[in-house]
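Accompanying notes for the structure given below.
Computed from the coordinates by the stated procedures, all read-outs in this text should not be read as laboratory data. As the structure is a computational prediction, the values presented were derived from the model and not from experiment. Neighbour counts run over all protein chains shown; Cβ positions are idealised from the backbone, glycine included.
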Amino acid sequence: MPTPLLRKSIRECPECASKNIYRDVERGETICRDCGLVIEDRMIDFSQEWREFDDDGGESKRRTGAPASQTQFDQGLGTEVGTTADFYKLGSDRDRDKFFRLRKWNIRISTAIERNLKVALAELKRVSSFLKLPKSVEEEAARVYRLAVQKGLVRGRSMESVVAGALYAACRRHEIPRTLDEMGEASGIEKKEIGRTYRFVTRELDISIKPSNPADYIPRFASALKLAPETQSKAVEILEMARDIELTSGRGPTGIAAAALYVASLLRGEKRTQREVADVAGVTEVTIRNRYKELIKRLKLGKKVEKSKEGKGSKKKK
């Protein structure tokens, strides 16, 4: 049965100016109900072209491949000449030799950019898997690296450092917190080199990236320290108070986030040592101590912290 539907561009019949128009999906036609004029007769059908009753039947009838992906050097649009089953169908040795020659030339990568991308994107997938990054970040990093290669930004720099810089930029754009220390551990490159390459690539490609939000690190650190959700919420509240008085500006996001979580753990009675928090955040105990003192002083939380410590001590005595 025809389904009443109108495209935005067709609002009325050009013959009789009637607005009683319907779209026949089965025939691919747009028809006027009043005068019978066929307005369109070659509409594109985006629905599935067959019915699947099992997995095997669908695979045998499907003519489309996997979707395009930036994480493959040919974006997943490459083709393959023949399969192993086709080889056994060939009768003469001459046909078999021709089959192997065609496969060899089909697989062979022609340009230097493609060769670079094949190796670099494999490294990118490895680092992304090590850091447990989502597919969206991996795709964004591959796109950034591809642009860097096309603009010749990889020359004079190690491929691994550019891959790490592209991944770090993608993490920042998707607001997925990963530190330079973690990126360096996964890629085997010094964090200074990764930071230098990251700044160069983003500047040359004109990629705008917002400053890191310390609150993004709270869930990860709290999960590693096994803190309660209430403590996480308290830490985010402390960070918002610190941001209002511009205490977070000019300071490392991981350090200020770890210090806020340390203060929240004291206020909530889930005490963790500065050493434990520093190990999870990847910063030094001195950084935690300095940021902790700043938060206590500027936010005037000293009395609350002392009261929570006293309350915890009295409970232990009982």
Assign unit charges at the C-beta atoms only (+1 for Lys and Arg, -1 for Asp and Glu), then state the dipole size of segment 153-294 relative to its Cα centre in Debye, rounded to the nearest 20.
180
As an exercise, use a Förster radius of 41 Å and the Cβ-Cβ distance of K297 and K192 to find the FRET efficiency, rounded to the nearest 0.05.
0.80
For peptides 115-127, 250-262, sequence by mean Cβ density within 10 Å, most packed first:
250-262, 115-127
Simple spin-label model, 7 Å along Cα-to-Cβ: A112 to D97 in nm?
3.5
According to the square roots a ≥ b ≥ c of the eigenvalues of the Cα gyration tensor, what is the shape class of segment 175-298, taking rounded for a/c under 1.5, prolate for a/b larger than b/c otherwise, and oblate for the remainder?
prolate
Which listed residue (S187, S249, I296) has the Cα farthest towards the positive end of the charge dipole for segment 186-318, taking +1 on Lys and Arg C-beta and -1 on Asp and Glu C-beta about the Cα centre?
I296
